[in-house]
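Beneath this line is the structure, given in structure tokens, with notes to follow.
The values are calculated or read from the model by the stated rules, or taken from the named source; none is laboratory data. Remember, it's a predicted structure, so these values are computed and weren't measured experimentally. Cβ atoms come from the backbone with ideal geometry, glycine included; neighbour counts cover every protein chain shown.
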Amino acid sequence: MTCQPSLLRFVFLLPRLSVKGDFNLKDLPGSGERVDILCRALSACFGWGPSTWNKDNLELAAVIDDKVTLTFSNPTCGVHDGETAWAKEIRRALQGNPPSFIQRREIGLETLIEEMISSCNSQTWALDENGTVFDDIRALIPAQENYIIIGDHKGYDKKAKRIFAKHSIYRISLGEISYLGSHCVAAMISMFERMK
Ligand SMILES: C[S@@+](CC[C@H](N)C(=O)[O-])C[C@H]1O[C@@H](n2cnc3c(N)ncnc32)[C@H](O)[C@@H]1O
């Protein structure tokens, strides 16, 4: 029996981002080692992406350098307004002073995936241009909690691919075009919205 999907959880893999959080807010792609990818994904997830989906039922986890995982849920503080606002909160969290809507844990991808797949009534997919193409989320049999893993600007590294293979993570594709991770977030939210 399939139940109505209620939670959508994105997992961004950022193996090239430093856990130090010592980047310059005026140079997020350079000194931030592409922290702008995460800022845009957060804006898409909690800002412009959802139109009917309840934002309380969204979560985004960032696995940074496979060492630290920052989980964002129910953001407050008006941080929807731009990349720099998100970057300030990410920097605070990495420097050991996370705001209440960011949970900081010292875990990497493998531990996170083990938690995800052991969670009752959950389903985990990795978005990958070379995965199985689908055009309707129903074909994937969503669960109550749906985890969607997304790579950075270089895709997945060898370690992530090894972990996916070990845990039989199914790879799904939105087609041959390579989209920005933030656009993938919005596209997935929109598919889940159409399903309701
Ligand atoms: C900018 S893309 C990465 C492109 C990178 N050059 C590569 O070769 O993988 C960032 C991430 O968005 C997701 N993505 C982008 N386009 C996608 C598509 N058409 N289907 C599925 N996932 C996609 C994947 O998770 C990818 O790792």
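Which residue is nearest to the ligand (Cβ to nearest atom), if the candidates are limited to segment 112-124 and must be within 17 Å of the chain's Cα centre (by Cα) and touching a residue at least 24 places away in the same chain (Cβ under 8 Å)?
Filtering segment 112-124 for residues that are within 17 Å of the chain's Cα centre (by Cα) and touching a residue at least 24 places away in the same chain (Cβ under 8 Å), the one nearest to the ligand (Cβ to nearest atom) comes out as THR124.
All but one of (1) closer than 18 Å to PRO15 by Cβ; (2) surrounded by 20 or more Cβ atoms within 10 Å (Cβ to Cβ); (3) small (Gly, Ala, Ser) hold for ALA87, so report the exception by its number.
Every listed condition holds for ALA87 apart from (1).
Return the residue satisfying two criteria in turn: it lies in segment 158-169 and is hydrophobic (A, V, I, L, M, F, W, C) and assigned to a helix (DSSP H, G or I), and of such residues it is surrounded by the fewest Cβ atoms within 10 Å (Cβ to Cβ).
Looking at residues that are hydrophobic (A, V, I, L, M, F, W, C) and assigned to a helix (DSSP H, G or I), I get ALA165.
Among the listed residues ILE137, ILE102, ILE150, ILE163, which satisfies the condition of being touching a helix residue (DSSP H, G or I) at 6+ places or on another chain (Cβ under 6 Å), within 15 Å of the ligand (Cβ to nearest atom), closer than 18 Å to LEU17 by Cα and of a type outside the set (Asp, Glu)?
ILE150
Could you tell me whether GLY155 is within 9 Å of the ligand (Cβ to nearest atom) and without any contact (Cβ under 8 Å) to a residue 40 or more places away in the chain?
yes
Residues that are away from the ligand (no atom under 11 Å from the Cβ) and either touching a strand residue (DSSP E or B) at 6+ places or on another chain (Cβ under 8 Å) or in contact (Cβ under 8 Å) with a residue 40 or more places away in the chain (or both): does segment 125-133 have at least one?
No, there is no match, as no residue in segment 125-133 is away from the ligand (no atom under 11 Å from the Cβ) and either touching a strand residue (DSSP E or B) at 6+ places or on another chain (Cβ under 8 Å) or in contact (Cβ under 8 Å) with a residue 40 or more places away in the chain (or both).
Provide a single number: the residues in segment 122-144 that are assigned to a loop (DSSP other than H, G, I, E, B) and surrounded by 13 or more Cβ atoms within 10 Å (Cβ to Cβ).
Counting residues in segment 122-144 that are assigned to a loop (DSSP other than H, G, I, E, B) and surrounded by 13 or more Cβ atoms within 10 Å (Cβ to Cβ) gives 4.
When you check GLY151 against the structure, is it of a type in the set (Gly, Ala, Ser) and more than 18 Å from the chain's Cα centre (by Cα), yes or no?
Against the criterion (of a type in the set (Gly, Ala, Ser) and more than 18 Å from the chain's Cα centre (by Cα)), GLY151 does not qualify.
Give me the residue from segment 170-196 that is under 22 Å from GLU115 (Cα atoms) and surrounded by fewer than 20 Cβ atoms within 10 Å (Cβ to Cβ) and, out of that set, nearest to the ligand (Cβ to nearest atom).
ILE172
So which of LEU70, LEU60, LEU94 ends up being at pLDDT 95 or above and closer than 20 Å to TYR179 by Cα?
LEU60
Quick check: is even one residue across segment 92-104 under 16 Å from the mean Cα position of the chain (by Cα) and in a helix (DSSP H, G or I)?
There is no residue in segment 92-104 that is under 16 Å from the mean Cα position of the chain (by Cα) and in a helix (DSSP H, G or I).
Which of the residues spanning segment 11-39 are buried (at least 21 other Cβ atoms within 10 Å of the Cβ) and not hydrophobic (A, V, I, L, M, F, W, C)?
Of everything in segment 11-39, just one residue is buried (at least 21 other Cβ atoms within 10 Å of the Cβ) and not hydrophobic (A, V, I, L, M, F, W, C), namely GLY32.
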